[in-house]
Each structure stands twice: as C-alpha cells, then as structure tokens.
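Report on the following structure.
The values are calculated or read from the model by the stated rules, or taken from the named source; none is laboratory data. Model, not experiment: these values are computed from the prediction. Note that we place each Cβ from the backbone using ideal geometry, even for glycine, and neighbour counts take in every protein chain shown. Just the protein is used for accessible areas: all its heavy atoms, side chains included, with ligands, DNA and RNA removed. Shrake-Rupley method; radii C 1.70, N 1.55, O 1.52, S 1.80 Å.
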Amino acid sequence: MSEPHLPDVVQELILERIESVAQLEALLLMRRTADQVWTVQELAGQLYIPPQDASLAMGALIERGFCQKKGDAALYQPESPELEAAVALLADTYREKLIPVTKLIHQRAKKPGVQQFADVFRIRKEE
C-alpha cells in the first residue's frame, strides 16, 4: 500500500521550516494556545522534552517566522497570513496523516546537506 499524499503546501512547509517532530509539536501546541506566551521551561514540561530541546525548537520557530520573541519567552504569531494558513493545513494533515508527516520530517533530518545545497539556488525576495 502506498503512502497517503501530503498536500504540496505541507510538504514545502516541512522541508523548508520544520527540522524535528519536537519542533512540530511545539509549533502546534503554541498555535492551539495562541494567546499564551511560552517559556522554554513551560514548553519542555508540556511536551515532555528536555529544556535544551525546547530551547532549540523555540529558537527555530522564532527564527523561521512562526513566533515572536517576548523577553525570554515566545508567542505564536506567524509573520504572514499565508504562513498561518499553511500551519493550519499542517495541523489538520498531522491529525489525519501522522505517520507520513513524521516520516517526511525524519527524511528531511537525514539529508541536511541536500537542503543546504538546494538553498544556495533558491531565489529570495529582496527586503
């Protein structure tokens, strides 16, 4: 039996911005509680992960435009409506297709050099 197809938007979001399942879980938790400012310790406790992993996840989510830094904490606040729409689709897809989503994240994690190489050729908007 073949793997269920993931929407292109979800695949692109994972391949470009999600490095681990812990990062995905942090993103989805913060999205569900969008009005809550999260510290690293709170995030680690809620996700049952070491504070170091929570810190890395939070830093990546801030860096990639999912969250805004609030002192030593973070608040879910995507940088654009398009990013919020992609995260909403990712959340729905993850609920329905957990295994294919996690497989894609793990495949991405095994090939960091390939993504870095691809990024060299990526055209970015000028700021």
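Key figures for this structure:
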quantity	calculated
Simple label model, 7 Å out from Cα along Cβ direction - His106 to Glu63, nm	2.4 nm
Asp8 accessible area, assembled protein chains, probe 1.4 Å, Å²	110 Å²
Farthest positive-ward along the stretch 1-102 dipole, Cα basis, beta-carbon charges - from Val40, Leu27, Leu56	Val40
Rounded percent of accessible protein surface that carbon and sulfur make up, the stretch 45-111, 1.4 Å probe	52 percent
Amide H contacts of Val37 (H built 1.01 Å from N, under 5 Å, at least 5 apart or other chain)	none
Accessible area (Å², per residue) of the stretch 1-59, counting only protein heavy atoms and a probe of 1.4 Å	57 Å²
